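Inspection log for the structure reproduced underneath, given as structure tokens.
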Amino acid sequence: MSCTETLSCAGRPSEIEVTGLSRSFDKTVAVDNISFNVGRGELFAFLGPNGAGKTTTINMLTGLLKPNAGEVRYHGEQFDPQQLKVKQLIGVVPQHNNLDRELTAADNLLIHGRLFGMRSKQLQQRIDACLEFADLTEKRDTPAGKLSGGMKRKLVIARALLHQPEILFLDEPTVGLDPHSRRKMWAFLRRINQEQNCTVFLTTHYIEEAEALADRVLIIDQAKLITGGTPQQLKASVGNFVLDIYNEQEIQSEFFDDRPAALQRLEQLDTSVRIRETTLEDVFLKLTGKRIEP
């Protein structure tokens, strides 16, 4: 399956359309002529190693950076970061928590709401609703600096949801969280997508995160899009089963469409082997020749 075939939003109206997007910093190309669509209601993952161009892409999609070339459209209209309706359409969760540590959880939301021009009665209702949705009601009067890492991350996300955006951008939403907190965050993001009827666009370098969460995954490396599709499509594109052959100095992996074919190959070998299902890490490794470092 070609890259252009897998980047369409089959069965969904397009919410974001990106065409020929590029950005350089001096002589360094950060994003190189990328094009893709995001369908309405998708949970969409941008997967790639650190430095691949993920954050630069989100910054261009949200108006924090101006592209050198290319076009971004929301609902078919060209993106203008100065338009208020665009700011109301999207919510942004940066990679690092940028809460005011001295203010309470509720006051962090209050200031955000006022910046969006929300009226007092509506704002108080939304603060209550967002704190409840994020399971932070009991922490409403706790200074943000005294919250746990997972709670801080939830508060940043709750703040981005305060004005009820249609699209939520999250840049590495689980970075720095322990495995248990990371899985709780995955459940929270699914709830946002399903219960808030919100399109979710997240970047991640965690293979397992993209595989567990995303309806569709776009793989980016060294500023270029490599491929994209549903996790199952991507894995099937290289083979559904992997035979890991353990040699003295390395592990050689061979891919097969089905288990019987892998077993047939296994019978020809006289060394240690393992049969397993393909993962997105295998896809990335086969296409780029390297692994995504955690």
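Here are the numbers for this structure:
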quantity: Estimated inter-spin distance, HIS96 and ASN33, nm [label 7 Å along Cα→Cβ]; calculated: 3.4
quantity: Per-pair calculated FRET efficiency, R0 = 35 Å: THR142 and GLN164 via Cβ, rounded to 0.05; calculated: 0.90
quantity: Under 5 Å, built H, 5+ apart or other chain: amide partners of GLU42; calculated: VAL200
quantity: Label-point gap, in nm, between SER120 and LEU64 - each point 7 angstrom along Cα→Cβ; calculated: 3.3
quantity: For the stretch 102-257: rounded, prolate or oblate by the Cα gyration tensor [a/c cutoff 1.5]; calculated: prolate
quantity: Chain lengthening between GLN222 and GLN78 when straightened (0.36 nm per residue, less Cα-Cα); calculated: 49.2 nm
quantity: Antiparallel bridges, percent of DSSP beta bridges restricted to the chain (to nearest 5); calculated: 65
quantity: At R0 = 25 Å, FRET efficiency that the Cβ-Cβ distance of ASP244 and GLU208 yields, to 0.05; calculated: 0.90
quantity: Whether the stretch 163-221 is rounded, prolate or oblate, judged on the alpha carbon gyration tensor where a/c under 1.5 counts as rounded; calculated: oblate
quantity: Gap separating the Cα centres of the stretch 189-207 and the stretch 74-115, nearest whole Å; calculated: 17
quantity: Inter-label distance, nm, simple model (7 Å from Cα along the C-beta direction), ASN197/GLU71; calculated: 2.9
quantity: Cα gyration tensor category, rounded, prolate or oblate, for the stretch 216-294 with a/c compared to 1.5; calculated: oblate
quantity: The chain - mean residue ellipticity at 222 nm from DSSP helices (-39,500 (n - 2.57) per run, n ≥ 4, rounded to 500); calculated: -10500 deg cm²/dmol
quantity: 32 Å Cα-Cα threshold exceeded, pairs from LYS54/LYS87; LYS146/LYS290; LYS85/LYS152; LYS121/LYS154; calculated: LYS146/LYS290
quantity: Whole-number accessible area per residue in Å² for the chain, which is evaluated in the context of all protein chains at 1.4 Å; calculated: 51
quantity: Sulfur and carbon atoms: percent of accessible area, the chain [1.4 Å]; calculated: 45
quantity: Paired Rg and Dmax values of the stretch 186-246, which use every Cα atom, in angstrom; calculated: 13.9, 47
quantity: The chain: angle of helix 105-115 to the longest principal axis, Cα-based, in degrees nearest 10; calculated: 80
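The values are calculated or read from the model by the stated rules, or taken from the named source; none is laboratory data. Keep in mind that this is a model prediction, so the values were computed, not measured. Cβ coordinates were reconstructed from backbone atoms using ideal geometry, including for glycine residues, and neighbour counts include every protein chain displayed. Just the protein is used for accessible areas: all its heavy atoms, side chains included, with ligands, DNA and RNA removed. Shrake-Rupley method; radii C 1.70, N 1.55, O 1.52, S 1.80 Å.
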